[in-house]
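Below is one structure, written out as structure tokens, with a few remarks after it.
The values are calculated or read from the model by the stated rules, or taken from the named source; none is laboratory data. Predicted model only: the values in this text are computed from it and were never measured. Neighbour counts are summed over all protein chains in view; Cβ atoms, including those assigned to glycine, are modelled from backbone coordinates with ideal geometry. These area figures cover heavy atoms from the full protein model, side chains too; ligands, DNA and RNA do not enter into them. Shrake-Rupley method; radii C 1.70, N 1.55, O 1.52, S 1.80 Å.
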Amino acid sequence: LPSRSWPPCLRGLSIVLSNDLRTSPLRRGLRPCLMWSLAFTVALAFVAPERQFARHAPVRSAIVASTAAKPLSSRDTGLALALDDGTRKAHSLAENTQFVTGFFSGISTRESFAALVSSVYFVYEAMEDEFGKSEDANVKALDYPELRRMPALDLDMEFFYGPSWRETVRPTAATRLYVARIREIARSQPLLLVGHQYTRYLGDLFGGQMMGGMARRSLALPDGLGTSFYTFDQIPEAKVFIEGWYSKLNDLPLSPSEKQMIVDEANRVFSLNIALFDELDGSPLRALWALAVRALAEFDAQFARDWEARRGN
């Protein structure tokens, strides 16, 4: 595992252990400490950002104030800003903890992750079906083919459940409620589908690589198998794509009341996704432990290679 990809605290730990004192007895003595350090690091990676945000809020506010006259990107204006700000409460520490706990429950066992994939499959099946059928110009403007997830989810479902999975897998109660909401607004208020495009697609694009990587490590999945959903092959530069998507979002000819309706729906989507996670039966601590064990195994293998290279020199 390249050290440049490690969290800062692990890079520091690597530096401490990279000198001539890295002897085999010392390494064996440090293994229990390393194990708990890694587990703690993985946990902090998902809890600390919220605390850091709160701690540095005055500094961030000053920075925002100093740059208010000159927006840095499309996210700083229009409906993009309204959605980011309007859903901020939904991303509060308490609810974010539900997301984190729920996701780690999902990647704690192969069965629970397969259940999560199946719920996401049925949600996206309804979403993308309605996006394709919608006559709403706003929905069409944001419906990029590069974002579509169904082909990838088909691969993931077959990997976990086999080629005949359609005959046996059924949506859960929370999934049915989620799908029902999508079908309802597609009939009565199709504009609200924009809230689903924003919350799901951008969330998947922002965090997909990280979440897919954690699932593969926790469950020891082969590369590319079972986590195709998290890979956007047609979007090589996510930041550039997202900036363009936000710009298109801001160009939609919407009234203030319509924009607020979309923000309200985005918050509802957040709650629907929490309900999906709440159904999962896995243990988040088990997933954290698996991630820590695999990180330590990768560290240990790299250590052995470095040690042999030193001896050869």
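Miscellaneous remarks
- T172 of a type in the set (S, T, Y) and either touching a residue at least 12 places away in the same chain (Cβ under 8 Å) or crowded, with 16+ Cβ neighbours inside 10 Å (or both): yes
- Among the residues of the range 232-252, those identified as under 29 Å from D76 (Cβ atoms) and not in a helix (DSSP H, G or I) are F232, Q234, I235, P236, E237, D251, L252.
- No other residue among E95, E111, E130, E135 is in a helix (DSSP H, G or I), of a type in the set (D, E) and either at pLDDT 95 or above or in contact with an Asp or Glu (Cβ under 6 Å, 6 or more places away or on another chain) (or both) apart from E130.
- Pairs are defined by a Cβ separation below 7 Å, a sequence spacing of at least 6 or placement on different chains, a first member in the range 234-261 that is open to solvent by 40 Å² or more (accessible area, probe 1.4 Å), and a second member that is among the charged types (D, E, K, R); the pairs so defined are Q234/E146.
- Filtered residue count, the range 205-231, keeping only those that are open to solvent by 30 Å² or more (accessible area, probe 1.4 Å) and either closer than 25 Å to R75 by Cβ or basic (K, R) (or both): 8
- Qualifying position, being acidic (D, E), modelled with pLDDT of 75 or more and over 18 Å from the mean Cα position of the chain (by Cα), among E237, E298, E265, E308: E265
- Boolean, S188 is at negative phi, at pLDDT 95 or above and either small (G, A, S) or open to solvent by 30 Å² or more (accessible area, probe 1.4 Å) (or both): yes
- Count - residues of the range 262-274 that are over 19 Å from S188 (Cα atoms) and surrounded by fewer than 18 Cβ atoms within 10 Å (Cβ to Cβ): 2
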